[in-house]
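Trainee: The structure's right below; bear with me while I get my questions together.
Only the coordinates and a few stated rules stand behind these numbers; no lab work does. All values reported here derive from a predicted model rather than from experimental measurement. Cβ placement follows ideal geometry from the backbone for every residue including glycine, while neighbour counts extend to all protein chains displayed.
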Amino acid sequence: MKILIIDDDIALCALVKRHLEKGGDECECLYDLENISAQVKEVQPDIILLDIGFEGADGVWSLPAIENAAPFASIIFITSHTESSEMVRALKAGGNYYIKKPLNMEELTAIINSQKRNLITHNATIKMGTFTFTPKNQTLSNGEQTILLTAFESKLLNLLAMNQGNTVTRTEIYQHLWKGNDTTAASLNNLVSHLREYFSPETGVEIETIWGAGYKLTVKE
C-alpha cells in the first residue's frame, strides 16, 4: 500500500515513515498544505495520515481538495488536539479515523491494517458488460477508449457497481458522495446523466431510475 503522511512535524514524519516502511508499505511525506490537491494527485496514495494543525492552514478544511485528488484514499487524522469537538469535526468532514498524539505505533499499525482490508476492492477492476472500471485510477475502458472520470463520477459508479442489481437510495448516495453536506438534486441528476452517456445500449450496462427511491445498476450478460 502507498501511504502519504501530511504533517509539519518533520521528525514525526520521518519516524512514522521508517516504522511503516519496515512493514513493507511505500511512504511519502508532505510538510504543508500548499497546492495539496496537485501533490496528492501526483502521489495517488491508498491511505493518508493527515495532521489538523498547520501554520495558517487547517487539515480538515483541506479535506475536500484532498478527496477530490484521491477519492478512494482512507483518511486517518493524526493530531495533538484533544478536544472531542475536534474529533467530531474531523470525522464529520469525512475522516475514517482520528488518532491523538503522541502516536502509539501499535495502534497506528492496527488501524492502517484495518483500512487496508477495506481498500482491497478499490484497487481491483470491475467488469461491467464491455467495460472495465478501475476505481482507484478513476478510469472506465471499453478496450478501445479509456475515459477519465471525475472524482464524483468515480465514487458514484463504484457505489452502484458494488451494489449491482440492487437499488441504492438517493439518501445513501448523498451521504456517500457529499457526507451529509448541503447539495441539490440537480447535482446528483447531472452525475447520473454523465455516467449514462458513457454506456450505449449495446454495452449491456444500464443505470435505472427507481422512482421515489434511487438508482440501480444492471448489467446484461
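Trainee: Based only on other Cβ atoms within 10 Å, what is the fewest-to-most ordering of Glu153, Glu202?
Mentor: Starting with the residue having the fewest Cβ neighbours, the order is Glu202, Glu153.
Trainee: On to the next question. Add +1 for every Lys or Arg and -1 for every Asp or Glu among the other residues with Cβ under 9 Å from the Cβ of Glu206, and state the total.
Mentor: Local charge sum for Glu206: +2.
Trainee: A further question on this structure: For the chain, what is the Kirkwood hydrodynamic radius in Å, using each pair of distinct C-alpha atoms?
Mentor: One over the average 1/r among Cα pairs gives 18.7 Å for the chain.
Trainee: List the lysines whose alpha-carbon lies under 29 Å from that of Lys216, not counting same-chain residues fewer than 8 positions away?
Mentor: Of all the lysines, those that pass the test against Lys216 - Cα under 29 Å, at least 8 places apart if same chain - are Lys92, Lys116, Lys127, Lys136, Lys155, Lys179.
Trainee: Okay, next question. If you plug each phi of the range 134-141 into the Karplus form 6.51 cos²θ - 1.76 cosθ + 1.60 with θ = phi - 60°, what whole-Hz ³J(HN,Hα) values come out, in order, with x for Gly and Pro?
Mentor: These are the phi-based 3J(HN,Hα) values: 10, x, 4, 7, 6, 10, 10, 10 Hz.
Trainee: Apply the a/c threshold of 1.5 to the C-alpha gyration tensor of the range 2-122 and tell me whether it is rounded, prolate or oblate.
Mentor: Judged from the Cα gyration tensor, the range 2-122 comes out rounded (a/c under 1.5).
Trainee: Then there is this: Taking 25 Å as R0, compute the FRET efficiency from the Cβ-Cβ separation of Thr139 and Ser200 and round it to 0.05.
Mentor: Calculated value: 0.90.
Trainee: Right, another one. For the chain, what is the calculated [θ] at 222 nm in deg cm²/dmol (nearest 500), taking -39500 (n - 2.57) for each run of four or more DSSP H residues and dividing by its residue count?
Mentor: It comes out at -12500 deg cm²/dmol, rounded to the nearest 500.
Trainee: Further, regarding this structure: How many percent of DSSP beta bridges within the range 1-111 run antiparallel, rounded to 5?
Mentor: Of the beta bridges lying entirely in the range 1-111, close to 10 percent run antiparallel.
Trainee: Using a cut-off of 14 Å between beta-carbons, work out the net charge of the residues near Ile48 (Lys and Arg +1, Asp and Glu -1, Ile48 not included).
Mentor: Net charge around Ile48: -3.
Trainee: Using a Gaussian network model on the chain with a 10 Å cutoff between Cα atoms, which of Ile207, Ile112, Ile147 fluctuates the most?
Mentor: Judging by the Gaussian network model, the answer is Ile147.
Trainee: Here is a follow-up. Using alpha carbons only, how many degrees (0 to 90, rounded to 10) separate the axis of helix 151-162 from the longest principal axis of the chain?
Mentor: 70
Trainee: Still on this structure, please answer the following. Which are the unpartnered cysteines of the chain, meaning those with no other cysteine Cβ under 4.7 Å from their Cβ?
Mentor: Among the cysteines of the chain, those whose Cβ sits 4.7 Å or more from every other are Cys27.
Trainee: Right, here's the next one. Can you tell me what share of the DSSP beta bridges in the chain is antiparallel? A percent to the nearest 5 is fine.
Mentor: 55
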